[in-house]
Amino acid sequence: RPITLYSCCDNTLWTMPFTLNGTTGTSSVFRIENLDDNCATFRVLAPNTEAGSIYPFEATNSFFTINLNCVCSIRCLNDTFIECCI
């Protein structure tokens, strides 16, 4: 399930950079890949630019790990299929 994260400091939406198919950008949509105690590793999801695709996001090879004490809130987005990168 894709999610968005909000900062504890000022409740702003977190964004992270990504590169996908030679294109760089930023995204605020992530998928949790690993949870270890109070830390989580997330994969950055990019908007799907494929014409006619029914899937709103594409998996990137960009990751980040955060201490969950730094997260004020998590917003779950609608369930969707996301094809993983190899």
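The values are calculated or read from the model by the stated rules, or taken from the named source; none is laboratory data. Since the structure is predicted, the reported quantities are computational estimates derived from the model, not experimental observations. Using ideal geometry, Cβ is built from the backbone for each residue, glycine included, and neighbour counts are taken over all protein chains shown. What goes into the accessible areas is simple: the full protein's heavy atoms, side chains included, and nothing from ligands, DNA or RNA. Shrake-Rupley method; radii C 1.70, N 1.55, O 1.52, S 1.80 Å.
Residues in the stretch 56-77 that are open to solvent by 90 Å² or more (accessible area, probe 1.4 Å) and either charged (D, E, K, R) or modelled with pLDDT under 90 (or both): N69, I74, R75. Could you tell me which residue of the stretch 5-17 is most open to solvent (accessible area, probe 1.4 Å), considering only residues that are at pLDDT below 95 and of a type in the set (A, V, I, L, M, F, W, C)? The qualifying residue most open to solvent (accessible area, probe 1.4 Å) is C9. Restricting the search to strands (runs of 3 or more DSSP E) fully inside the chain and requiring at least 2 residues that are in contact (Cβ under 8 Å) with a residue 60 or more places away in the chain and out of contact with any Gly (no Cβ under 9 Å at 6 or more places or on another chain) gives 3-7, 71-76. In the stretch 19-30, the residue that is nearest to C70 (Cα to Cα) out of those that are modelled with pLDDT under 95 and surrounded by 12 or more Cβ atoms within 10 Å (Cβ to Cβ) is T19. Out of curiosity, is C39 open to solvent by 30 Å² or more (accessible area, probe 1.4 Å), over 13 Å from F64 (Cα atoms) and not polar (S, T, N, Q)? Considered against the rule, which asks whether it is open to solvent by 30 Å² or more (accessible area, probe 1.4 Å), over 13 Å from F64 (Cα atoms) and not polar (S, T, N, Q), C39 comes out as no.
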